[in-house]
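Notes for the one structure printed next.
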Amino acid sequence: MRVSREQMAENRERILDTAATLFRERGFDGVGVADVMKAVGLTHGGFYGHFSSKDDLAAQALGRAFLHSGRWAAEARASEPQAPRRAIIDRYLSPAHRDDPGHGCPVAALGSDTARQGEASRLAATEGVRAAIKGLCAITPGATADERRTSAIASYATLVGALVLARMVDDAALSDEILAAARAELCSAEA
């Protein structure tokens, strides 16, 4: 049975969105091509009509995850136009974000995995991190562009590190404390 171009394009989008979620939930090594295709409701054989390899899928899914992350940040900024940086900090360091890695920050979910991936995944990550830093620079206080960039990079590293730690520990109170401490530290920089 032939599939129309429109259906092929729709299937590809579903594969990318599903892979982006599954990779963030389970890591690159925890998800196979068959897992992604089954989750989408397609056969394993159809995969190669869309992607050349699992590595190709991983790189494109990582790019998709960063795209979602950028939209998420834009929504957070728009929700609090008077305090956009605070809105991002509060949303990023929330229990809801901590508890939903499949729909959250790809750096916190896949950072160490990505460092061991191929060139295409590393490139997608680099572009995503650059875009995140640029977005933070636009809402970070500072007298000069260099000061804003340095502060934005430090803030991004604090956000990611705090989320990784909060997800890693098996003590709910400590996890909440990590999120709260990082939130307080980042917000005190604005005062």
Kindly provide the set of residues from segment 92-110 that are within 21 Å of Thr18 (Cα to Cα) and crowded, with 16+ Cβ neighbours inside 10 Å, ordered by number. His97, Arg98, Pro101, His103, Gly104, Cys105, Pro106, Val107, Ala108, Ala109, Leu110
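Each row is one residue, and each column tells you yes or no for (1) farther than 26 Å from Asp100 by Cβ; (2) under 20 Å from the mean Cα position of the chain (by Cα); (3) not hydrophobic (A, V, I, L, M, F, W, C).
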position	(1), (2), (3)
Ala9	yes, no, no
Leu22	no, yes, no
Gly30	no, yes, yes
Val33	no, no, no
Val40	no, no, no
Tyr48	yes, no, yes
Phe51	no, no, no
Taking helices (runs of 4 or more DSSP H) that do not extend beyond segment 68-121, which have at least 3 residues that are among the charged types (D, E, K, R)? 84-92
Check Ala58 against each of (1) surrounded by 15 or more Cβ atoms within 10 Å (Cβ to Cβ); (2) within 30 Å of Gly142 (Cα to Cα) and name the one condition it does not meet. (2)
Would you confirm whether or not segment 170-189 contains a residue that is outside any helix (DSSP H, G or I) and either in contact with a Phe, Trp or Tyr (Cβ under 9 Å, 6 or more places away or on another chain) or exposed (fewer than 13 other Cβ atoms within 10 Å of the Cβ) (or both)? yes
So in segment 127-152, with the set limited to residues that are of a type in the set (A, V, I, L, M, F, W, C) and open to solvent by 70 Å² or more (accessible area, probe 1.4 Å), which one is farthest from Val107 (Cα to Cα)? Ala143
When Ser112 is run through (1) touching a Ser or Thr at 6+ places or on another chain (Cβ under 6 Å); (2) among the hydroxyl-bearing types (Ser, Thr, Tyr); (3) within 24 Å of Gln60 (Cα to Cα), the failure sits at (1)
If we keep just the residues of segment 7-51 that are charged (D, E, K, R) and either in contact (Cβ under 8 Å) with a residue 60 or more places away in the chain or more than 22 Å from Leu67 (Cα to Cα) (or both), which is least open to solvent (accessible area, probe 1.4 Å)? Arg24
Matching option when the condition is in contact with a Ser or Thr (Cβ under 6 Å, 6 or more places away or on another chain) and within 30 Å of Asp56 (Cβ to Cβ), among Ala132, Ala125: Ala125
Return yes when Ala78 is open to solvent by 20 Å² or more (accessible area, probe 1.4 Å) and either among the charged types (D, E, K, R) or under 12 Å from Leu163 (Cβ atoms) (or both) and no when it is not. no
For Asp113, are the conditions met, namely being of a type outside the set (Ser, Thr, Tyr), in contact with a Gly (Cβ under 7 Å, 6 or more places away or on another chain) and either open to solvent by 20 Å² or more (accessible area, probe 1.4 Å) or in contact (Cβ under 8 Å) with a residue 40 or more places away in the chain (or both)? yes
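The values are calculated or read from the model by the stated rules, or taken from the named source; none is laboratory data. Note that this is a predicted model, so its numbers are computed, not measured. Please note: Cβ atoms are built from the backbone with ideal geometry, for glycine as well, and neighbour counts cover all protein chains shown. Only protein heavy atoms, including side chains, enter the accessible area calculation; ligands, DNA and RNA are left aside. Shrake-Rupley method; radii C 1.70, N 1.55, O 1.52, S 1.80 Å.
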